[in-house]
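Heads up, the thing below is written out as structure tokens.
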Amino acid sequence: MALQVELLEASFARIKERQTDFTDCFYAILFKDYPDVKPLFAHVSMDDQSKKLFDSLALVVRGLRNPEALMEPLKGLGTRHVQYGAVPAHYPAVGATLLQAFANILQEDWTSEVEWAWANAYSIIAEIMLEGSEYPPELLQPKALVERASL
């Protein structure tokens, strides 16, 4: 994994100071830009969900210096997301939302280098999570992802 560990750690440290602002921003953007995902959260405590989101990010950042240790937890997270009703087409939406929330909270600290670091990290994370999912193989093909994303 070619990760920019220092940039990820430093930017996340600034986000940690504003955890609630970050998660509120994330879900506001997600539900505004991707309203089709809102039903997945209908029976979920958003306070609990916000904590889970932030805890997952913290887990990833803590594991950046030992990425092999992240493999099983991320695959497990992918499996759980299938159980929640997430489909592969949701991953790009979450990635775009994550980057926008970082940009909104970090403001002037959101540089092109930090953006690239997070985009790259999310791409790797999503790939590992998808490996842990039990979607039918045809749903994991790039063409299927594009078709489902346009629904």
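The values are calculated or read from the model by the stated rules, or taken from the named source; none is laboratory data. No experiment lies behind these values; they were computed from the predicted model shown. Cβ coordinates were reconstructed from backbone atoms using ideal geometry, including for glycine residues, and neighbour counts include every protein chain displayed. Accessible surface is based on the protein model in full, side chains and every heavy atom, while ligands, DNA and RNA are left aside. Shrake-Rupley method; radii C 1.70, N 1.55, O 1.52, S 1.80 Å.
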Identify, from the list Leu106, Leu70, Leu130, the residue that is closer than 18 Å to Thr23 by Cβ and touching a helix residue (DSSP H, G or I) at 6+ places or on another chain (Cβ under 9 Å). Leu106
Residue check for Glu68: open to solvent by 80 Å² or more (accessible area, probe 1.4 Å), closer than 21 Å to Ala2 by Cβ, out of contact with any strand residue (DSSP E or B) (no Cβ under 6 Å at 6 or more places or on another chain) and not in a loop (DSSP other than H, G, I, E, B): yes
Within segment 92-129, of all residues that are within 21 Å of Ala2 (Cα to Cα) and among the small types (Gly, Ala, Ser), the one surrounded by the fewest Cβ atoms within 10 Å (Cβ to Cβ) is Ser112
So which of Gly76, Gly85 ends up being modelled with pLDDT under 95 and on the phi > 0 side of the Ramachandran plot? Gly85
Can you pull out the residues in segment 20-69 that are acidic (Asp, Glu) and either within 13 Å of Val94 (Cβ to Cβ) or without any contact (Cβ under 8 Å) to a residue 60 or more places away in the chain (or both)? Asp24, Asp33, Asp36, Asp47, Asp48, Asp55, Glu68
Could we say that Val87 is assigned to a loop (DSSP other than H, G, I, E, B), touching a residue at least 40 places away in the same chain (Cβ under 8 Å) and not basic (Lys, Arg) here? yes
Which residues, taken from segment 33-65, are among the hydrophobic types (A, V, I, L, M, F, W, C) and over 20 Å from Val5 (Cβ atoms)? Val37, Leu40, Phe41, Ala42, Val44, Met46, Leu53
